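Everything on this sheet refers to the single structure shown next.
Where a number appears in this text, it was derived from the coordinates with a stated rule and is not lab data. Treat the numbers as computed from the prediction; the structure is a model and nothing was measured. Cβ coordinates were reconstructed from backbone atoms using ideal geometry, including for glycine residues, and neighbour counts include every protein chain displayed.
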Amino acid sequence: MSKFSSYNFSGKKALIRVDFNVPLDEKYQITDDNRITATIPTIKKVLDDGGSVILMSHFGRPKEGPAEKYSLKHLVEHISSLLGTKVDFTADCIGDEAVAKAKNLKPGEVLLLENLRFYKEEEKGDEAFAKKLAALGDVYVNDAFGTAHRAHASTAVIAQYFAPEEKMFGLVMESEIKAAEKILREAEKPFTAIIGGAKVSDKILIIENLLDRADNIIIGGGMAYTFERACGGKIGNSLVEEDRIDTASELLKKAAEKGVRIHLPTDSIIADKFSEDASVSSALSNTIPDDWMGLDIGALACETFTKVIHDSKTILWNGPMGVFEMEKFQNGTKAIAKAIAEATENGAYSLVGGGDSVAAVNKFNYADKVSYVSTGGGAMLEFFEGKELPGIAAITK
Ligand code: AMP
């Protein structure tokens, strides 16, 4: 049993760092509450044990101090209805009111602190601020994987004010770490990583780290064209990072040396403009006509990639294969999601992570057909880049 599951919170005030950075519409209604629902089991475990809960989170990117738009008060009612219990709120995350409310909290009660980022000290990782937050609770629980790559006051610095037995991961963090570790350290072979999205520059480190682990790396999306250029291809108006062509060449060379197979899309769906009403055709990805651009992987690429995925035992997917937000260019991303779901059904372990690939599996209804969908975009990317995440290190070291 994990540290969190075996801990008895009876009579304890658990200070839980959650990620309640959910999208709101103009009427302050939550449009996607996944991040909140994900942490409900963590909160309930504490309450069921007879403990009380103090929730703290960031919310959006307020520039200077408090702002109505970024107030966590808009979430109180919804959290309360999900928990089936009243949630109290303090309009300042530190200070007299927060101290008094935290002090008077009874077993079974929940208190939500106002947006931590109303203080610039949060993102600066200020120790005095972290200490004030720490003083509110007896036990520190970090359940915010999405911010685990930040050395902020509430995500990392705060942990030093708790004894080793009084700081731990919550259930969301535990499952995120377990899923990511399974891919990075215990991947059953063949291991295939599928990397897509717009920019090579964002994905260099992850590809480099995967070169020591994966058997296959499938590259799709806009970034594939920088690799095509590195191979001497003609890519028309497709997205390219001129200053990364050499990097792409080097990655291809390293992969060959290490025996990792890099799969680029043989063909592409091409368009005469970046638009839903563009004229559409297909072409080999290394002979795209001038004035046309590749906006999705083509039928041949879908077929080859599907076969590689079907033959894999471990699959990691980060980044879409094309401009999946537009209907005309969503086929490739959909085909990959389908192939991963099929491989998973046949016993492979699959992890989908990174904002856009998560949006894609949700859009195409494959989220419950893969082994794990990660909630942490940047954090999960840095984890797979092989970096130590401050939010994890603060608890384990
Ligand atoms: P990233 O944030 O780097 O993972 O990139 C995701 C974005 O890449 C999505 O919004 C896609 O629309 C975009 N994208 C994927 N394929 C292409 C492409 N071939 N050309 C331009 N943009 C693309």
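Taking max minus min of the alpha-carbon positions on each principal axis, the chain gives extents of 69, 43, 36 Å, largest first. Note on region 120-232: Rg/Rh from Cα positions, Kirkwood definition for Rh, rounded to two decimals, is 1.13.
State the Cα centre-to-centre distance between region 13-89 and region 297-372 in whole Å. A separation of 31 Å, based on Cα centres.
Each label was represented as a point 7 Å from its Cα along the Cα-to-Cβ direction; for Asp291 and Lys397 these points are 5.7 nm apart.
Based on every Cα atom in region 232-323, Rg and the maximum pairwise Cα distance Dmax equal 14.4, 43 Å.
Here the Karplus curve 6.51 cos²θ - 1.76 cosθ + 1.60, taken at θ = phi - 60°, turns the phi angles of region 362-371 into couplings of 5, 4, 9, 6, 10, 4, 8, 10, 10, 5 Hz, with x standing for Gly and Pro.
Every Cα-Cα pair of region 322-397 was included, and the share exceeding 14 Å stands at 64 percent. Counting 0.36 nm for each residue step from Glu388 to Lys369 and taking away their Cα separation leaves a gain of 3.9 nm. Ellipticity at 222 nm from helices only: DSSP H runs of n ≥ 4 in the chain, each -39500 (n - 2.57), divided by the residue count, give -10500 deg cm²/dmol. Only one residue of Pro265, Ala299, Trp317 has its Cα farthest out toward the positive end of the dipole of region 187-384, where Lys and Arg carry +1 and Asp and Glu -1 on Cβ, and that residue is Trp317. Annotation note: trypsin sites (Lys or Arg not before Pro) in region 67-139 located in DSSP loop regions with a Cβ neighbour count of at most 15 within 10 Å are Lys86.
The distance linking region 196-262 with region 147-176 is 34 Å (Cα centroid to Cα centroid, whole angstrom). The ranking of Glu64, Glu276 from fewest to most other beta carbons within 10 Å of each one's beta carbon is Glu64, Glu276.
For region 213-311, the antiparallel share of DSSP beta bridges with both residues in that region comes to about 65%.
Per residue, the Cα convex hull of region 3-173 amounts to 99 Å³. Here the Kirkwood formula puts the hydrodynamic radius of region 247-397 at 16.9 Å, using every distinct Cα pair.
A cut-off of 5 Å between modelled amide H atoms, ignoring neighbours fewer than 5 places along the same chain, links Lys13 with Ser52, Asp138, Val139.
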